[in-house]
Amino acid sequence: MIRNERFLAFREKFGDPILTGLTIFLAVLLFALVPIQATIGFAFTPLGVLVVAVMAAGVYVLSARWIVLIPIAVAVVMHFTLKLVREQQGALHPHIYLIASLWLTLSLTFALVVARAVFAKGPVTIHRIIGAVLLYMLIALIFVALYLFIGETFPGAFENLVIADSPRLGADTIYFSFTTLTSVGFGDMFPIHPIARSLCNLESICGQLFPAILIARLVSLHIEQAK
């Protein structure tokens, strides 16, 4: 009972700052560590374990529900299954469905918990606004997993985007997802298959509406509360 009270007190005090911490952590991972991994051409397994551990701890505090640990545990099992299959069948063997399932499980779990924390009742703090940015990045990661499913199911669904189990896979698909989400569209990678195009259209719509409606609403509420 005392432990529960201490945990709830900790969550009440540090719940919102955790949103900021997870946002910074994920941004460093996506925009620094993943590109570095692709550049050196080596998949650093402990990095993936560290990411899952930190994010899992953060979302558990945010949700205060042990049930969120179930999909995370499933993802951990997927991770070690993937590692085992790679060792047995060779690094060049395609394991895209397993990779996509792993990323989708984690991204959806984290996104649901973060969304619940960001849009919960109570004052809209700066941390919650930053948490909305975290949710925006997680949406991009959800689409990364969906692109992997499409690319593996329909070979050649994307031009210049190689869907293969390699150290570059994360960097390339994350780059493609964010350029689609933000409607930048440099043209170096683009969808060809109709389903891939439809999915890109959906991500572009989400990418435009989320900042314009949800983040803008949070900012306006924060300004009103500060008056």
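Per-residue answers, yes or no, for (1) at pLDDT below 90; (2) on the phi > 0 side of the Ramachandran plot:
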| residue | (1), (2) |
| --- | --- |
| 187 | yes, yes |
| 194 | no, no |
| 216 | no, no |
| 227 | yes, no |
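When 73, 38 are checked against the criterion of being surrounded by 13 or more Cβ atoms within 10 Å (Cβ to Cβ), part of a helix (DSSP H, G or I) and not basic (Lys, Arg), a single residue qualifies: 38. Is it true that residue 176 is of a type in the set (Phe, Trp, Tyr), in contact (Cβ under 8 Å) with a residue 60 or more places away in the chain and either crowded, with 22+ Cβ neighbours inside 10 Å or in contact with a Cys (Cβ under 8 Å, 6 or more places away or on another chain) (or both)? Considered against the rule, which asks whether it is of a type in the set (Phe, Trp, Tyr), in contact (Cβ under 8 Å) with a residue 60 or more places away in the chain and either crowded, with 22+ Cβ neighbours inside 10 Å or in contact with a Cys (Cβ under 8 Å, 6 or more places away or on another chain) (or both), residue 176 comes out as no. Give the residues of the range 169-227 that are of a type outside the set (A, V, I, L, M) and not in a helix (DSSP H, G or I), sorted by residue number. If the condition is that a residue be of a type outside the set (A, V, I, L, M) and not in a helix (DSSP H, G or I), then 182, 183, 185, 186, 187, 188, 190, 191, 193, 227 are the ones that fit. In the range 104-131, the residues that are outside any helix (DSSP H, G or I) form Cβ pairs under 6 Å with partners that are of a type in the set (Asp, Glu), at six or more places apart or across chains, as follows: 125/16. Within the range 120-134, identify whether any single residue is under 28 Å from residue 17 (Cα atoms), of a type in the set (Lys, Arg) and buried (at least 19 other Cβ atoms within 10 Å of the Cβ), and answer yes or no. Yes - at least one qualifying residue is present in the range 120-134. Evaluated against (1) in contact with a Gly (Cβ under 8 Å, 6 or more places away or on another chain); (2) under 27 Å from residue 41 (Cα atoms); (3) at pLDDT below 95, residue 183 falls short on exactly one condition, (2). Given (1) within 30 Å of residue 129 (Cα to Cα); (2) more than 13 Å from the chain's Cα centre (by Cα); (3) at pLDDT below 85; (4) surrounded by fewer than 18 Cβ atoms within 10 Å (Cβ to Cβ), identify the lone condition not met by residue 15. It is condition (4) that residue 15 fails. Residues in the range 79-108 that are hydrophobic (A, V, I, L, M, F, W, C), under 22 Å from the mean Cα position of the chain (by Cα) and at pLDDT below 85: 80, 82. Among the residues of the range 186-197, those identified as more than 12 Å from residue 143 (Cβ to Cβ) and either under 18 Å from the mean Cα position of the chain (by Cα) or surrounded by 10 or more Cβ atoms within 10 Å (Cβ to Cβ) (or both) are 188, 189, 190, 192, 193, 194, 195, 197.
The values are calculated or read from the model by the stated rules, or taken from the named source; none is laboratory data. Everything numeric in this text was worked out from a predicted model, so none of it was measured. We place every Cβ from the backbone using ideal geometry, glycine too, and count neighbours over all the protein chains shown.
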